[in-house]
Amino acid sequence: MTTSARTYLVRTFGCQMNAHDSERLAGLLEEGGYVAVADESPLADVMVFNTCAVRENADQKLYGTLGMLAAEKEKHPQMQIAVGGCLAQKDRGEILRRAPWVDVVFGTHNVGALPVLLERARSQRESQIEIVESLEIFPSTLPAKRDSLHSAWVSISVGCNNTCTFCIVPALRGVEKDRNRDEILNEVRALVADGVNEVTLLGQNVNAYGVELGEQGAFARLLRDCGEVDGLERVRFTSPHPRDFTDDVIEAMAQTHNVMPHLHMPLQSGSDPILKAMRRSYRAERYLGIVERVRRAMPHASITTDIIVGFPGESEEDFQRTLDVVAAAKFDMAFTFKYSKRPGTPAAEMEHQVPEEVVAERYVRLHAFTQEIAWQQKKAQIGREVEVLVSAAPGRKDEATLRQSGRARDFNLVHFECEERLRPGDIATVKVTQAAPYHLVAEGAPLVIRRTRSGDIWESAQSSPDTRTFLSLTPRP
Ligand code: SAM
Ligand code: SF4
């Protein structure tokens, strides 16, 4: 397993924030001389787990994986195991008690400490645990090894000032910290210079961006500023909160050429009493009002959401209200979750926890219903011309079917036929001929193919092993 340079593998559990933090962890390790393990290998000299604590099954997954690694560590004592992210911030010393063969535990606020902690664990032959309570430096100032050459995440804020009663994020990620606007735009410009043509602005509550800086309307302004960046084809963002969603954001989306017509806006529940108990300070009517205004301003916008089923006290009637909102909002896709009790959150202490079998039965109904609505939405796209940005990760059946895959402007996944091999980052305009619940199909040759600079950069990276690692260093302040 050990070659001249020590190898590493970062495994990510959880959301885009974690995936983005993992790019930083990989960047830091590469800067420290480690090399990524070959794709097919499940083991490396340094195994890093970037964990999630939002739902309980993430805990079980991590401890199960660590359990399996114990035997490997016996066989390869030089192997180091590091655990970071939300679960590390939550469980702290508990991780070392349950898995004493772990070498390093670090939290959500000190991602940058990983190389030093690994080194210290090695020299002192002792496990290291370092959890700090607030952000040391904004993670975007750390080097990153990006997963994709043409598409990048840009963090605009970290943490969250909301207090949703089911959610453990504020306890683990702290209060919201907004990043300076010039720094964000400098990063976007640097990424575009590196070959990126799509960015996704990331934050737990992106449209609260600017509150900490005392700037009203700052998120809408940021979207418009991204519209001025030459060569940036697509701008996305996740996640906005319905409470803070103001019409200036809708206007900025509709009027900025490269901001994509897609809104991922978590609903959580369609029942007003449940929203109140969740401490989500909007009601179903307000949510549907936003959806209506977005669709009026951008008739072909897609709207996707997150929904929790089985929150404490949820009655069949409350659940029906959620189904009503799903029908009225006509979601293009919904991530559905069974409520998961998170110790330390107010909802965990609430009376009337919904029995597991009731949650499971509602979950199946909700899933089937959201899937049916999503399919109807997709069927309405048949015959439409859509512009697809070719993705780096091919579709499962691409090879067998000679198809290529990517995302349309509205974030729908499209598999399309094309004899010419396009490169990730290239853009094809295709006509939709079939729809499935989770994707669209375009048969027949593309109507237009645009080979982009991002595609050129991807191609030259393939032929030059030195640049295949896509190491992108964001300038430190
Ligand atoms: N900040 C975003 C927002 O305001 O909705 C979401 C962040 S959270 C990491 C992602 C999703 O996980 C949430 O939208 C919610 O649907 C789900 N989630 C969070 N806590 C949960 C819990 N205790 N049980 C089930 N799902 C949960
Ligand atoms: Fe959690 Fe609510 Fe903050 Fe989203 S807005 S991260 S659900 S507390």
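Provide Rg and Dmax in Å for the range 270-363, with only Cα atoms included in the calculation.
14.2, 43
With label points built 7 Å along Cα→Cβ from the Cα atoms of Asp272 and Glu443, find their separation and express it in nm.
4.9 nm
For Lys276, what charge total do you get from the other residues with a beta carbon under 13 Å from its beta carbon, if Lys and Arg give +1 and Asp and Glu give -1?
+3
Among Gly67, Gln320, Met278, which residue has its Cα positioned farthest towards the positive end of the charge dipole of the chain, with +1 placed on the Cβ of Lys and Arg, -1 on the Cβ of Asp and Glu, and the dipole taken about the Cα centre?
Sorting the options by dipole projection puts first Gln320.
Search the structure for amide H atoms under 5 Å from the amide H of Thr7, placed 1.01 Å from N in the peptide plane, and list their residues when 5 or more places away or on another chain.
Under 5 Å from the amide H of Thr7: Val35, Asp45, Val46.
Cross-link candidates for Lys61: which lysines have Cα within less than 27 Å, leaving aside residues fewer than 8 places away along the same chain?
Lys73, Lys75, Lys90, Lys145, Lys338, Lys341
Return, in residue-number order, each cysteine of the chain whose C-beta is not under 4.7 Å from any other cysteine's C-beta.
Cys15, Cys52, Cys86, Cys160, Cys226, Cys418
Assigning unit charges at the beta carbon (Lys, Arg +1; Asp, Glu -1) and nothing else, what dipole magnitude in debye, to the nearest 20, does the chain show about its Cα centre?
On the way: 57 positive and 66 negative charges, 47 e Å.
That gives the chain a dipole magnitude of about 220 debye.
Would you calculate, for the chain, the mean residue ellipticity at 222 nm contributed by helices, counting each DSSP H stretch of 4 or more residues as -39,500 (n - 2.57) and dividing by all residues, to the nearest 500?
Numbers: 15 runs with 168 residues, N = 477.
So the calculated ellipticity at 222 nm is -10500 deg cm²/dmol.
Can you pull the three principal axis extents for the Cα set of the range 1-49, in Å, largest first?
33, 22, 14
Obtain the radius of gyration and the Kirkwood radius of the chain from its C-alpha atoms and give Rg over Rh.
0.96
Once phi is turned into ³J(HN,Hα) by the Karplus curve 6.51 cos²θ - 1.76 cosθ + 1.60 with θ = phi - 60°, what whole-Hz value does each residue of the range 75-92 show in order, with x for glycine and proline?
Result, ordered by residue: 6, 10, x, 6, 5, 10, 10, 10, 10, x, x, 5, 5, 5, 5, 7, 8, 6 Hz.
Loop-only trypsin sites (Lys or Arg not before Pro) in the range 192-281, please: DSSP not H, G, I, E or B, and at most 14 other Cβ atoms within 10 Å.
For trypsin sites (Lys or Arg not before Pro) across the range 192-281 that sit outside H, G, I, E and B with at most 14 neighbouring Cβ atoms in 10 Å, the list reads Arg279.
Around Val259, which amide H atoms from residues at least 5 apart in sequence, or from another chain, sit under 5 Å from its own amide H, with H modelled in the peptide plane?
Amide H to amide H, under 5 Å and 5 or more residues apart or across chains, Val259 pairs with Val235.
Loop only by DSSP, 12 or fewer other Cβ within 10 Å of the Cβ. Give me the GluC sites (Glu not before Pro) in the range 347-393 that pass, ordered by residue number. Walk me through the numbers on the way to the answer.
Numbers: sites: Glu349, Glu351, Glu356, Glu357, Glu361, Glu372, Glu385, Glu387; in loops: Glu351.
Answer by residue number: Glu351.
If you take every DSSP beta bridge whose two residues both sit in the chain, what share of them, in percent to the nearest 5, is antiparallel?
Values: 22 of 64 bridges.
Around 35 percent of the beta bridges assigned by DSSP in the chain are antiparallel ones.
Cross-link candidates for Lys378: which lysines have Cα within less than 23 Å, leaving aside residues fewer than 8 places away along the same chain?
Lys330, Lys397, Lys431
If the only charges are +1 at each Lys and Arg Cβ and -1 at each Asp and Glu Cβ, what is the size of the charge dipole of the range 125-280 around the Cα centre, to the nearest 20 debye?
Here the range 125-280 has a charge dipole of around 480 debye.
Give a quick list of GluC sites (Glu not before Pro) in the range 224-305 that DSSP marks as loop, anything other than H, G, I, E or B, with at most 16 other Cβ atoms within 10 Å.
Glu228
Taking neighbour Cβ counts within 10 Å as the exposure measure, how do Asp247, Asp178, Asp272 sort from fewest upward?
Least to most surrounded, the residues fall as Asp247, Asp272, Asp178.
Give the cross-link partners of Lys379 among the aspartates and glutamates, using a straight C-alpha distance below 16 Å as the criterion and excluding same-chain residues fewer than 8 apart.
Qualifying aspartates and glutamates at Cα under 16 Å: Asp332, Asp410, Glu443.
Bear in mind that the values in this text are calculations on the coordinates, not laboratory data. Fair warning: this is a prediction, and the values are worked out from it, not measured in the lab. Positions of Cβ are backbone-derived with ideal geometry, glycine not excepted, and every protein chain shown enters the neighbour counts.
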